[in-house]
Amino acid sequence: MLTFSLNRVPLPADQILQRLEEHGIQINHYAEQYISHPRFSAGQPGEMTAAVTSLEELGLENGASLDELFRYIRKMPFSPCPPDTGFFLRLAWTDQPQSGNSILTGTHRSPDQAVTVLSEIIEQDDAFPKGLYLRKVDGNLWLRGYVCDFTYRFPGNALFAFEMRRT
């Protein structure tokens, strides 16, 4: 498990998009749509710790749907992340391992080495992004939005980021 200490400072969508561009971080249409949503910066400012681990390491060898994952982590020392966590994690984690599969269009599966940030759902519509994921492809850092319904099962080897609850 990797952990990252993040100092979250809520920013308007235009400043977030500008900072991503300044850092050379690529985004997709879904990420832009997600970041532009009024509830995107819904979290409280301040320090948080994000943990990155696989579902297998959490005991979910057969993977999980989003609904199952939200229920399961409540039994663990984790919580869903605030929606803007992916942005702060992407800025902090520049040495993410390289993805082995650079083209995935239409495959409907989690990309190799991608880290999905489990965050509270800000829009229930299945066509709206459920959150963000981080990826490094051909040396380029990405912050991408993803869409799925609540029945989609992430595989056991899928990597996720969660907020570590303070004890």
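A few notes on this one:
- Taken as a whole, the structure places Val117 among residues that are among the hydrophobic types (A, V, I, L, M, F, W, C), modelled with pLDDT of 95 or more and crowded, with 20+ Cβ neighbours inside 10 Å.
- Note on region 110-160: residues that are in a strand (DSSP E or B), among the hydrophobic types (A, V, I, L, M, F, W, C) and touching a helix residue (DSSP H, G or I) at 6+ places or on another chain (Cβ under 6 Å) amount to 4.
- In region 7-29, the residues that are more than 15 Å from Asn140 (Cβ to Cβ) and in a loop (DSSP other than H, G, I, E, B) reach residues that are at pLDDT below 95 and not charged (D, E, K, R) with C-beta atoms within less than 6 angstrom, at least six apart or across chains, in these pairs: Val9/Pro45; Pro10/Ser41; Pro10/Pro45.
- The residues of region 33-72 that are in a helix (DSSP H, G or I) and in contact with a Leu (Cβ under 7 Å, 6 or more places away or on another chain), listed by number, are Tyr34, Ile35, Leu69, Tyr72.
- Apart from one condition, Ile35 fits all of (1) modelled with pLDDT under 95; (2) β-branched (Val, Ile, Thr); (3) surrounded by 14 or more Cβ atoms within 10 Å (Cβ to Cβ); the exception is (1).
The values are calculated or read from the model by the stated rules, or taken from the named source; none is laboratory data. Because the structure is predicted, anything quoted here is derived from the model rather than measured. Note that each Cβ is placed from the backbone with ideal geometry, even for glycine, and that neighbours are counted across all protein chains shown.
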